[in-house]
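Remarks on the structure that follows.
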Amino acid sequence: MNFVIEHISKRFEKKEVLRDISFTFESGKIYGLLGRNGAGKTILLRMIANRFQPTTGQILLDEQSVWENEQAQRQIFFATEGANFAEMKVRDIIRWMAAAYPNFDKEQCLNYAKQFELDLKKNNLKLSTGYKSVLRVVLALSVHTPLLLLDEPTQGMDAFHRELFYKL
């Protein structure tokens with residue numbers, strides 16, 4: 001997989017959020033975006049995941065633009081705090097993911113959920129902040145897309161769950 005960001009800028013009305021960012025992701029590596037709150041990390045992830053279009057520049061996956069490109073988007077999974085599954089139970093979310101993503105490993109996800117002690121019968125809106133993060137990471141680790149984007153994946157997790165996530 002060849003993933004390139006070329007001269008990306010993003011502006012919302014008069015506020016410039018990102019300016020002329022370029023880099024390449026190499027396959028098989030883990031990258032982290034570090035920066036202060038408001039630096040544009042989440043905006044960049046949202047642009048990669050086709051939620052926002054860059055004001056200038058382009059995002060390429062195997063030399064194809066990711067913007068409104070369904071084939072490219074199937075190669076990307078974005079797990080973020082804003083993920084909304086309405087009032088679904090955890091087990092129903094897992095079933096939905098298995099139907100929506102061809103490479104989703106339902107058995108692996110259920111195994112991870114057990115390791116994290118995630119209650120499958122619980123409505124996701126009633127999960128604590130930490131368990132909402134747990135749900136996002138067990139789904140993300142089971143989806144098996146070439147490009148996995150995690151936005152603050154351990155937010156609200158206790159030390160035990162953070163350590164388990166890092167191990168997995």
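The values are calculated or read from the model by the stated rules, or taken from the named source; none is laboratory data. The structure displayed is predicted, hence computed values, not measured ones. Methodologically, a virtual Cβ is constructed for each residue, glycine included, from the backbone with ideal geometry; neighbour enumeration extends over all protein chains shown. Areas reflect the complete protein model, heavy atoms only, side chains present, ligands, DNA and RNA absent. Shrake-Rupley method; radii C 1.70, N 1.55, O 1.52, S 1.80 Å.
The condition of being touching a residue at least 60 places away in the same chain (Cβ under 8 Å) and either in a helix (DSSP H, G or I) or buried (at least 17 other Cβ atoms within 10 Å of the Cβ) (or both) does not hold for ALA98. There is no residue in the stretch 15-23 that is under 17 Å from THR80 (Cβ atoms), among the hydroxyl-bearing types (Ser, Thr, Tyr) and open to solvent by less than 80 Å² (accessible area, probe 1.4 Å). Within the stretch 56-71, if we keep just the residues that are of a type in the set (Asp, Glu) and in contact (Cβ under 8 Å) with a residue 60 or more places away in the chain, the residue that is surrounded by the fewest Cβ atoms within 10 Å (Cβ to Cβ) turns out to be GLU63. Looking for something aliphatic (A, V, I, L, M), at pLDDT 90 or above and more than 17 Å from the chain's Cα centre (by Cα) - is there at least one such residue anywhere in the stretch 95-109? Among the residues of the stretch 95-109, at least one is aliphatic (A, V, I, L, M), at pLDDT 90 or above and more than 17 Å from the chain's Cα centre (by Cα), which makes the answer yes. Quick check on my filter: what residues within the stretch 27-55 are in contact (Cβ under 8 Å) with a residue 12 or more places away in the chain, surrounded by fewer than 16 Cβ atoms within 10 Å (Cβ to Cβ) and not polar (S, T, N, Q)? Listed by number, the residues that qualify are LEU33, ARG51. Residues that are assigned to a helix (DSSP H, G or I) and closer than 22 Å to ARG95 by Cβ do not occur anywhere in the stretch 147-166.
GLU81: open to solvent by 60 Å² or more (accessible area, probe 1.4 Å), within 25 Å of GLY40 (Cα to Cα) and in a loop (DSSP other than H, G, I, E, B), yes or no? Show your work before the answer.
Values: open to solvent by 60 Å² or more (accessible area, probe 1.4 Å): yes; within 25 Å of GLY40 (Cα to Cα): yes; in a loop (DSSP other than H, G, I, E, B): yes.
For GLU81, the condition - open to solvent by 60 Å² or more (accessible area, probe 1.4 Å), within 25 Å of GLY40 (Cα to Cα) and in a loop (DSSP other than H, G, I, E, B) - is met.
Looking across the stretch 106-123 at every residue that is within 11 Å of VAL134 (Cβ to Cβ) and assigned to a helix (DSSP H, G or I), the one that is least open to solvent (accessible area, probe 1.4 Å) is identified as ALA113.
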